Amino acid sequence: MKRFKIEKEHYGYKISEYLKEIQNYSGRGLRQIEVFLDGKKVRVTKQIKKQGILKVIEKEKETNIKPIEMPLDIVFEDEDILILNKQPFLVTHPTKKKVDMTLANGIVYYFKEKDGKDFVPRFYNRLDMDTSGLIIIAKNSFAQAFLQNFGDVKKYYMALVHGILKDDEITIEEPIARVGDSLRREVLEGGQYAKTHVKTIKRYEKSNVTLIECELFTGRTHQIRVHLSHLGHPILGDKLYNDIQDDVKRQMLHSYKVSFIHPRTKQLCELEIGMYKDMKEIVDDKS
């Protein structure tokens, strides 16, 4: 439930207009709520004519995702946002081939135990199975719509790549398209616009490896992996886009930092975590 204080400056608005223009609700979000003005249930089409307290209750949703107990590394949680540090080798959400033991199953279990209610995970970003790190979940439709439209979400990754990247910084703007019916994507003319900014963190000359930071400006499937492979510096352990033989068990890609405008406070939130332990072991070994 959310509470908003109606002031004189809001007189004349319909409740739906107030929620969309002042509180950043989406049209879809308005269809999923009940509203109460000073304790009395009203329609969203009602016009605001006096000061008071507007309560917004999101209608209960059901989920067909099976709750399964698993450890969750919670980095941040409040009434609107949940941010987890996802472990590698874990699928984010159910697919046709993988319907359980996904991160979504663990999240549904967590809220079932915590609140006794069904929970619909609204992932803002989704990480590949073998990618570790920060993943953002909106806990309600209000937060989901705000993040998508007004959140100014920025996502940063660390990656270990083959070869010594000579540039300190480079921006890759190359279109990405799917290759037939396969999982692979490639840089192809006519594909979807994609932009990745790459910054060199450290070069390991003896090992011929570079530690880099990648900032995503678009969210294409496998974007970082495709762009780095196209650049000639594929990610260590990436079995799909790296033809160089190595004994690394998964792609060394880690979502280590996010920033966003919080939907309720409208304040900038920044979260940063260290690299995952298997990635750190490789870096320490090459120091």
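The values are calculated or read from the model by the stated rules, or taken from the named source; none is laboratory data. Source: prediction; values computed, not measured. Reconstructed Cβ throughout: ideal geometry from the backbone, glycine too, with neighbour counts over all protein chains shown. All accessible areas refer to the heavy atoms of the entire protein, side chains included, with ligands and DNA or RNA removed. Shrake-Rupley method; radii C 1.70, N 1.55, O 1.52, S 1.80 Å.
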Exercise. Once phi is turned into ³J(HN,Hα) by the Karplus curve 6.51 cos²θ - 1.76 cosθ + 1.60 with θ = phi - 60°, what whole-Hz value does each residue of the range 184-196 show in order, with x for glycine and proline?
Worked result: 5, 10, 9, 6, 9, 4, x, x, 7, 4, 9, 9, 10
Exercise. Along the range 31-46, what does the Karplus equation 6.51 cos²θ - 1.76 cosθ + 1.60 (θ = phi - 60°) give for ³J(HN,Hα), rounded to whole Hz, x for Gly and Pro?
Worked result: 7, 10, 10, 10, 10, 10, 9, 6, x, 9, 5, 9, 7, 5, 7, 5
For this session: For the range 201-271, state which GluC sites (Glu not before Pro) are in a DSSP loop and have at most 16 other beta carbons lying within 10 Å of their beta carbon.
Result: Glu205
Seminar exercise, completed: Judged on accessible area alone, 1.4 Å probe, highest first, Cys214, Cys269 line up as Cys269, Cys214
For this session: Kindly report the accessible area of the chain per residue (heavy atoms of protein chains, probe 1.4 Å, no ligands, DNA or RNA), in Å².
Result: 54 Å²
Seminar exercise, completed: Given all pairs of distinct Cα atoms, the range 132-187 yields a Kirkwood Rh in Å of 15.5 Å
Exercise. Using modelled amide H (1.01 Å from N, peptide plane; none on Pro or chain starts), what sits under 5 Å from the amide H of Lys139, excluding residues fewer than 5 places away?
Worked result: Ile81, Leu82
For this session: Taking H placed 1.01 Å from N in the peptide plane, check which residues at least 5 places from Lys14 or on another chain put their amide H under 5 Å from its amide H.
Result: Ile48
For this session: Return the calculated 222 nm mean residue ellipticity for the chain, to the nearest 500 deg cm²/dmol, obtained by summing -39500 (n - 2.57) across DSSP H runs with n ≥ 4 and dividing by the residue count.
Result: -5000 deg cm²/dmol
Exercise. Put +1 on the Cβ of every Lys and Arg and -1 on every Asp and Glu Cβ in the range 186-242; which of His230, Thr210, Gly190 then has its Cα farthest towards the positive end of the dipole?
Worked result: Thr210
Exercise. For Arg184, which sequence-distant residues (separation of 5 or more, or a different chain) have an amide H within less than 5 Å of its own amide H, given hydrogens modelled in the peptide plane?
Worked result: Val179
Exercise. What ranking of Asp238, Asp130 comes out by heavy-atom accessible area, probe 1.4 Å, highest first?
Worked result: Asp130, Asp238
Problem set entry | Diffusion constant of the range 181-287 at 25 °C, which comes from Stokes-Einstein with the Kirkwood Cα-pair radius and 0.890 mPa s, µm²/s | 156 µm²/s
Seminar exercise, completed: Phi angles of the range 91-105, converted by Karplus (6.51 cos²θ - 1.76 cosθ + 1.60, θ = phi - 60°) into ³J(HN,Hα) in whole Hz with x for Gly and Pro, give 6, 5, 9, x, 10, 4, 8, 10, 9, 9, 6, 9, 4, 4, 4
For this session: Run the numbers on the chain and let me know its relative contact order in percent, using alpha-carbon pairs under 8 Å that are six or more apart.
Result: 15 percent
Exercise. Taking chymotrypsin sites (Phe, Trp or Tyr not before Pro) that fall in a DSSP loop and have at most 15 other Cβ atoms within 10 Å as cut points, what is the longest piece of the chain between them?
Worked result: 90-192
For this session: Would you rank Lys257, Lys96, Lys5 by solvent-accessible area, highest first, keeping every protein chain in place and using a 1.4 Å probe?
Result: Lys96, Lys5, Lys257
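Projected area of the range 6-150, taken from the Cα convex hull and averaged over every viewing direction, in nm²?
With every direction weighted equally, the projected area is 9.7 nm².
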Seminar exercise, completed: In debye to the nearest 20, the charge dipole size for the chain, taken about the Cα centre with +1 at each Lys and Arg Cβ and -1 at each Asp and Glu Cβ, equals 1560 debye
Seminar exercise, completed: Quotient of Cα radius of gyration and Kirkwood radius for the range 69-225, i.e. Rg/Rh, equals 1.00
Exercise. Given the chain, what percent of its DSSP beta bridges are antiparallel, to the nearest 5?
Worked result: 95 percent
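How much net charge surrounds Thr200 when only other residues with a Cβ under 14 Å from its Cβ are counted (Lys, Arg +1; Asp, Glu -1)?
After counting each charged neighbour, the total is -2.
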